[in-house]
Amino acid sequence: MGGMAGWVDYTRDLRADRDIVATMAGTVAWRGPDASGLWASPRAVICHHRLAIIDRAAGNQPMVAEENGTPLAVLSYDGEVYNYRQLRDQLSTLGHKFRTEGDTEVVLRAYLQWGESCVDHLDGVFAFAVWDARTEELLLVGDRLGLRSIYYQVTPSGVLFGSEPKAILAHPLVDTVVDEDGLRDALSFTVVPGQAVYRDMRRVEQGQLVRISRSGRTARRYWELVAAPHTDDTATTVATWRELLEHAVAERLVGEVDHGVLLSGGVDSSAIVALATRVLKERGGPPLRTFTLDFTGPLGGPALLQKSRDLPYAAEIAAHFGTEHTEIVLDAAQLRDAVLEGSMLSAQQDRPTPTADFAVALRYLCRTVGFTTPAILSGQQAGLMFGGALGMSDPASTDSGTMPWIAFTQGRTHKSGIGTGLLDPGLLDRLDLPGYCQHRYRETVSTVPVLDGESEAARKRREMRYLSLAGWHEYVTIFDTALTQTAGVMTRWPYCTPQMIQYCFNIPGDLRDDEGNPLEVATAALVDVLPDRIRNRSASPFPIGVDPGSVPVLRERLSSIVDDPGSPVLDLIDLDAVKRMLAGASTPATAWRDRTDIQMVLQINDWLTQRRIRLV
């Protein structure tokens, strides 16, 4: 894992500009606290900050492959390849010599053997850049599900790239511009695959290769979901799903560090604990570590999301499986820590969010976990398997003609979406966020793979599962991976594998269990490993982290921004609406909506200030 940055230019000697790339990489140094390195040549400079999980002693980057002292290719790599040992053996039989024991050199040698087709051999989660010194071409690669990020911006004579937008924005020739489409993207609670909020900047898409050469940029998809008939019966479906999960968990328990699980006490994370404990016991490894986050005081999250406290359920699972369990209980003062909140925007890959409560809680949790356990497994993203994004179980949202999570929040907050209640009405009319989201919905739905002869209900289910991957997953991943990686933690999602997502994509929704009821695949597959109380627990996000007393504090911060004539957000908000909110009293019925509205204003103000953004 790590943070990377690079610059390719075909018209200047970049060796004199290596300090610029070092500065770019410095903006993402917190992603890789264990080591750093820089490689420079006339046409390319690459810098990497590394978090060491596998081959801690010898896997430093950028990694260079040479022949008789001449560089062949240079790799900067974030992620992990789970089948690297098998690939190493295969490449060794093909004549490749290895000087390290980890997966980084395997990726580099795979590129030398197969070129860009190396991705077809890699089973893992990764984003990497390869500079081919022989052809003077740069290859940028994103994994099949987009779990690791790499951004790039084409210049008149080359390209800039980095793990996060801030690395590119640190280059002196980059103008930090957000146009109206970028602002729509930043405010609409979704993302367009491959699009960054900053003008001219792109994110390598799920399953995509991007090649930069003297003649320009080319891109192609090397992986995507395929619609196919599901021929397995009920018993086989359940057994196959269980086998896929067991394999994914075992694969992700690799590395020269202790392993942990973010444990909510729900079905998804508890199943990971059950299976991981079994694997570690068979391998003779140390006990699994588990971590749970909770808060003092009453439940503060919106009832539509937060059903029950995690602490007692997590404690039950930890005791049942004998994990080394840590309970992290926060009070209001810790949640409102100025440093934690001040670093939030930067940790979110440089974009605002109206749900900063989730981000604060997750960042605090991972900062604490990272002291002892840099490799953790998480049950987040489990809903991706069957289209479990927010609003997907609400018919009114799924039939709304827009992204279901957008419709779900529009119906409960504002017509322009969550967090928009204090924004200027003229701005919202001009941006037309509902129309923008509807356009993006139609655009995405038009690419859904379908089967001839499918019923309308089956097509709709497939559509929702695809939207979960192409829309909601992309949005959530940008925040989740950034918040964990910036805390120096490598997070692994066993439910989020290409094999699992592809298999579940084709499971029909009308499959029945032995008693004729609709089949709950996960529940049926885990009946022998989880207590019934856990298997039947209602799902809720983890960690939710809402402080019931936060609204008065947020109102004070909002007031100070309004009173400062230099606040850049003033041009974007409805001052009358802000003043009415500040003059009125907050009620329990409106507290969550008010909180998201205020947080969005605060986040936008910090965003505009920190990034020195020019809106056009």
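The values are calculated or read from the model by the stated rules, or taken from the named source; none is laboratory data. Keep in mind the model is a prediction, meaning the values are calculated, not measured. Here the Cβ is made from the backbone with ideal geometry for all residues, glycine too, and neighbour counts use every protein chain on show.
As a summary of the residue check, Pro33 satisfies the conditions (1) out of contact with any strand residue (DSSP E or B) (no Cβ under 9 Å at 6 or more places or on another chain); (2) part of a loop (DSSP other than H, G, I, E, B) except for the one numbered (1).
Table: residues versus (1) out of contact with any Leu (no Cβ under 6 Å at 6 or more places or on another chain); (2) closer than 27 Å to Gly471 by Cα; (3) modelled with pLDDT under 95.
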position	(1), (2), (3)
Gly207	yes, yes, no
Ile212	no, yes, no
Arg217	yes, yes, no
Thr237	yes, yes, no
Trp241	yes, yes, no
Gly255	yes, no, yes
Gly266	yes, yes, yes
Ile272	no, yes, no
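Residue check: Ala44 meets all listed conditions (1) surrounded by fewer than 20 Cβ atoms within 10 Å (Cβ to Cβ); (2) within 25 Å of Gly115 (Cβ to Cβ); (3) modelled with pLDDT of 95 or more; (4) not acidic (Asp, Glu) but one, namely (1). Close contacts from segment 323-344, counting a first residue that is exposed (fewer than 15 other Cβ atoms within 10 Å of the Cβ) and a second that is part of a strand (DSSP E or B), with Cβ to Cβ under 6 Å and a gap of 6+ residues or different chains, come to Val329/Asp294.
One line per residue, one yes/no per condition, for (1) in contact with an Asp or Glu (Cβ under 9 Å, 6 or more places away or on another chain); (2) under 25 Å from Ile507 (Cβ atoms); (3) not acidic (Asp, Glu):
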site: Leu362; (1), (2), (3): yes, no, yes
site: Cys366; (1), (2), (3): no, no, yes
site: Ala375; (1), (2), (3): yes, no, yes
site: Gln380; (1), (2), (3): yes, yes, yes
site: Gly383; (1), (2), (3): yes, yes, yes
site: Gly388; (1), (2), (3): no, yes, yes
site: Asp394; (1), (2), (3): no, yes, no
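Just checking, does segment 83-106 include any residue being under 28 Å from the mean Cα position of the chain (by Cα) and at positive phi? No; the residues of segment 83-106 include none that is under 28 Å from the mean Cα position of the chain (by Cα) and at positive phi.
Within segment 453-482, the set of residues being more than 19 Å from Pro193 (Cα to Cα) and not acidic (Asp, Glu) comprises Gly453, Ser455, Ala457, Ala458, Arg459, Lys460, Arg461.
Annotation: Pro541 fulfils all but one of (1) modelled with pLDDT under 80; (2) touching a strand residue (DSSP E or B) at 6+ places or on another chain (Cβ under 8 Å); the unmet one is (2).
Among the residues of segment 440-453, is there at least one that is assigned to a helix (DSSP H, G or I), touching a helix residue (DSSP H, G or I) at 6+ places or on another chain (Cβ under 7 Å) and over 22 Å from Trp405 (Cβ atoms)? Walk me through how you get there before you give the answer.
Step one: list which residues in segment 440-453 are assigned to a helix (DSSP H, G or I), which gives 440-445.
Narrowing the set further to residues that are touching a helix residue (DSSP H, G or I) at 6+ places or on another chain (Cβ under 7 Å) leaves 444-445.
Next, only the ones that are over 22 Å from Trp405 (Cβ atoms) stay: none.
So far as segment 440-453 goes, no, none of its residues is assigned to a helix (DSSP H, G or I), touching a helix residue (DSSP H, G or I) at 6+ places or on another chain (Cβ under 7 Å) and over 22 Å from Trp405 (Cβ atoms).
Looking for something in the same structural domain as Asp394 (by TED's automatic domain parsing) and within 21 Å of Ile272 (Cα to Cα) - is there at least one such residue anywhere in segment 433-452? There is no residue in segment 433-452 that is in the same structural domain as Asp394 (by TED's automatic domain parsing) and within 21 Å of Ile272 (Cα to Cα).
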